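The values are calculated or read from the model by the stated rules, or taken from the named source; none is laboratory data. This one's a predicted model, so the numbers in the text were calculated from it and none came from an experiment. Neighbour counts are summed over all protein chains in view; Cβ atoms, including those assigned to glycine, are modelled from backbone coordinates with ideal geometry. Quick note on the areas: whole protein, heavy atoms, side chains included, nothing else; ligands and nucleic acids left out. Shrake-Rupley method; radii C 1.70, N 1.55, O 1.52, S 1.80 Å.
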Amino acid sequence: MALAILARRRAAEAVLRRPRAAAVSAWRAYAAAGEESDVVVLGGGPGGYVAAIKAAQLGLKTTCIEKRGTLGGTCLNVGCIPSKALLHSSHMYHEAKTSFAHHGVKISNLEVDLPAMMAQKDKAVAGLTKGIEGLFKKNKVTYVKGFGKLASPSEVSVDLIDGGSTVVKGKNIIIATGSDVKSLPGITIDEKKVVSSTGALCLSEIPKKLVVIGAGYIGLEMGSVWNRLGSEVTVVEFAPDIVPSMDGEVRKQFQRMLEKQKFKFMLKTKVVGCDTSGDGVKLTLEPAAGGDQTILEADVVLVSAGRTPFTSGIGLETIGVETDKAGRILVDKRFMTNVKGVYAIGDAIPGPMLAHKAEEDGVACVEFIAGKEGHVDYDTVPGVVYTHPEVASVGKTEEQVKALGIAYRVGKFPLLANSRAKAIDDAEGLVKVVAEKETDKILGVHIMAPNAGEIIHEAVLALQYGASSEDVARTCHAHPTVSEALKEACLQTFSKAIHI
């Protein structure tokens with residue numbers, strides 16, 4: 001006992017001899033190691049930091065371990081937030097270049113200041129990460145900066161960012177380590193000429209030719225940024241369609257819209273070689289079904305083939321946590337793994353890899369730990385592509401409903417008939433509602449419109465409470481708003497729309 005006390009005293013003295021910033025971080029780690037927490041969260045992304053705050057709010061002593069040294073995970077640091085900052089900035093430039101004159105606003109000598117654009121993005125990210133640290137302090141969450149590995153079902157060994165290591169003890173451990181970029185065989189990402197979404201967020205110059213491998217959400221969003229700023233964008237996709245999870249009818253309109261914006265698509269095409277020996281990149285392509293090879297040249301190639309769970313190297317095998325073939329951690333309905341007291345949430349487990357889904361997982365998980373009831377309805381998790389116009393959806397596509405053998409009705413309303421969309425000269429898109437024929441219960445809503453990502457939440461709420469299309473159609477909507485298009489689509493579903 002005397003030796004243990006002496007060791008702890010020497011460790012504390014060593015912490016105090018460090019520079020202030022490092023000392024504060026190390027002192028938190030030292031304090032966390034000294035007492036057992038009720039909850040230890042491994043990972044400080046959207047799922048992890050939300051779980052930590054909620055646990056603390058429920059009166060549980062909580063510690064959160066994050067390897068980056070900044071909270072918010074991929075989403076806030078190199079994903080959702082910086083990409084939306086660049087999407088907005090590039091959209092403003094594109095509007096100034098192509099639309100302002102039509103509205104009577106004339107600008108001369110218009111140019112892109114890329115460093116300033118990047119600085120605005122970085123400022124937004126820094127402010128939000130600091131904001132989460134503030135929430136941790138407010139809710140008394142202990143924050144440990146370092147790479148954590150499971151040492152036992154109640155211990156996490158942490159290699160601290162500022163040097164040294166510590167062991168954090170917890171009655172319950174939540175694995176919230178998120179996901180990483182999925183690599184492709186034969187393609188090495190150097191974040192210079194061949195980049196992931198992370199590298200695409202910080203290019204130092206606008207590439208003349210950008211090739212995007214993968215026609216999913218991320219690839220189309222990042223392609224939009226650089227397309228607006230002047231890049232010639234070609235999207236190469238192995239599948240026969242872009243965004244395969246999207247409703248088929250909406251997908252076709254979406255692709256036509258992107259093609260009007262000068263996107264080029266090479267579908268049913270696979271990349272079989274990548275040569276970066278010259279000034280640019282040469283990709284060797286061939287049809288997905290096999291055939292003659294062709295060469296596609298680019299200045300920069302963005303690899304956007306999806307994401308994979310970040311679950312290797314964190315000690316799962318040490319304590320026997322089970323995963324599937326894709327590396328996803330297997331959990332029960334309470335988010336507990338096969339190891340008692342060890343939980344997992346977010347991108348680390350099966351389900352959509354979305355920040356908002358991870359947040360819901362985190363809240364429900366700690367509610368279970370606190371002895372309450374948690375619940376996440378995965379059928380009402382919305383998805384949004386933040387291009388312009390945006391595409392947002394919730395619930396089932398028409399193809400999914402048809403495959404289930406459910407008798408259904410469809411109501412559609414074009415934005416060309418929406419007064420607000422016409423008034424702002426932004427009327428490309430539609431709203432589509434799929435409802436059960438017998439009961440009129442809404443089964444899915446799909447929107448392509450300006451700010452579709454905001455409008456979709458009315459539909460999310462409708463699905464959550466089992467509303468019918470008539471329920472939404474008979475709800476008064478403010479005029480003029482783009483949201484009226486959803487009301488009209490619901491009218492068209494159970495009866496007949498007014499304005500078409």
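Quick rundown of the values:
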| read-out | value |
| --- | --- |
| Condition check for residue 480: open to solvent by 50 Å² or more (accessible area, probe 1.4 Å) and at negative phi | yes |
| Residue selected from segment 38-52 under the condition open to solvent by less than 20 Å² (accessible area, probe 1.4 Å) and among the hydrophobic types (A, V, I, L, M, F, W, C), by the criterion farthest from residue 72 (Cα to Cα) | 39 |
| Yes/no for residue 324 being closer than 23 Å to residue 245 by Cβ, of a type in the set (D, E, K, R) and in contact with a Leu (Cβ under 8 Å, 6 or more places away or on another chain) | yes |
| Qualifying residue in segment 350-357 (condition: of a type in the set (D, E, K, R) and open to solvent by 60 Å² or more (accessible area, probe 1.4 Å)) | no |
| Filtered residue count, segment 185-197, keeping only those that are part of a loop (DSSP other than H, G, I, E, B), open to solvent by 10 Å² or more (accessible area, probe 1.4 Å) and modelled with pLDDT of 95 or more | 7 |
| Spans of helices (runs of 4 or more DSSP H) in segment 64-140 with at least 3 residues without any contact (Cβ under 8 Å) to a residue 12 or more places away in the chain, out of contact with any Leu (no Cβ under 8 Å at 6 or more places or on another chain) and within 30 Å of residue 156 (Cα to Cα) | 114-139 |
| Test for residue 341: is it touching a strand residue (DSSP E or B) at 6+ places or on another chain (Cβ under 8 Å) and open to solvent by less than 40 Å² (accessible area, probe 1.4 Å) | yes |
| Condition check for residue 220: in contact (Cβ under 8 Å) with a residue 12 or more places away in the chain, within 25 Å of residue 273 (Cβ to Cβ) and not hydroxyl-bearing (Ser, Thr, Tyr) | yes |
| Test result for residue 165, touching a residue at least 60 places away in the same chain (Cβ under 8 Å), open to solvent by 70 Å² or more (accessible area, probe 1.4 Å) and on the phi < 0 side of the Ramachandran plot | no |
| Odd one out for residue 253, checked against (1) in contact (Cβ under 8 Å) with a residue 12 or more places away in the chain; (2) under 27 Å from residue 203 (Cβ atoms) | (2) |
| Residues that are closer than 18 Å to residue 415 by Cα and either without any contact (Cβ under 8 Å) to a residue 12 or more places away in the chain or open to solvent by 60 Å² or more (accessible area, probe 1.4 Å) (or both), drawn from segment 483-500 | 496, 498, 499, 500 |
| Complete set of residues in segment 316-327 that are in a loop (DSSP other than H, G, I, E, B) and either open to solvent by less than 50 Å² (accessible area, probe 1.4 Å) or farther than 16 Å from residue 150 by Cα (or both) | 320, 321, 324, 325, 326, 327 |
| Any hit, segment 144-163, residues being of a type in the set (Ser, Thr, Tyr), more than 30 Å from residue 278 (Cβ to Cβ), out of contact with any Phe, Trp or Tyr (no Cβ under 6 Å at 6 or more places or on another chain) and not in a strand (DSSP E or B) | yes |
| Top-ranked residue of segment 360-381 - restricted to ones that are buried (at least 16 other Cβ atoms within 10 Å of the Cβ) and more than 21 Å from the chain's Cα centre (by Cα), ranked as nearest to residue 456 (Cα to Cα) | 374 |
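Conditions (1) in contact with a His (Cβ under 9 Å, 6 or more places away or on another chain); (2) open to solvent by 70 Å² or more (accessible area, probe 1.4 Å); (3) within 30 Å of residue 174 (Cβ to Cβ), marked per residue:
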{"site": "74", "(1), (2), (3)": "no, no, yes"}
{"site": "78", "(1), (2), (3)": "no, no, yes"}
{"site": "82", "(1), (2), (3)": "no, no, yes"}
{"site": "87", "(1), (2), (3)": "yes, no, no"}
{"site": "94", "(1), (2), (3)": "yes, no, no"}
{"site": "112", "(1), (2), (3)": "no, no, no"}
{"site": "126", "(1), (2), (3)": "no, no, yes"}
{"site": "142", "(1), (2), (3)": "no, no, yes"}
{"site": "145", "(1), (2), (3)": "no, no, yes"}
